[in-house]
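The values are calculated or read from the model by the stated rules, or taken from the named source; none is laboratory data. Everything numeric in this text was worked out from a predicted model, so none of it was measured. Cβ sites come from the backbone with ideal geometry, for glycine too, and all protein chains shown count toward neighbours.
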Amino acid sequence: MAQTKNKRKRKHRGTPAGTVERTARPHKREDAKQAARQRRTERLDREPTWRGAVNRAAIAAVVFGALVVLAFGRDLAQGLTLAVFMFVLYIPLGYATDSAIHRFRQRKRQ
């Protein structure tokens, strides 16, 4: 049976009071590009944080531990030990790399 109603093309957000807000989207392509450029520069201008370094290190350590166990056929204990070691190693390495890239971008911008 054919669908009788058209699907909505834009997302609507309801509030607890029951009113519906529509998400604002730029109408022109140039406006959308400008907004995207502005969001990107804001994201790149933020200073690196230890929390971000810890999050990336955790993800990388989990992937590394899974690869050690699944791809190389090691024991789970060995994989866990190596994953913890890599987690501890990745935190300062990731922060130092982020800081160096941030300083490079700031110097280049000036």
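Within region 72-93, can one find any residue that is part of a helix (DSSP H, G or I), among the charged types (D, E, K, R) and modelled with pLDDT under 95?
no
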Residues within region 60-92 that are exposed (fewer than 14 other Cβ atoms within 10 Å of the Cβ) and either under 24 Å from Arg46 (Cβ atoms) or touching a Pro at 6+ places or on another chain (Cβ under 9 Å) (or both), tallied
1
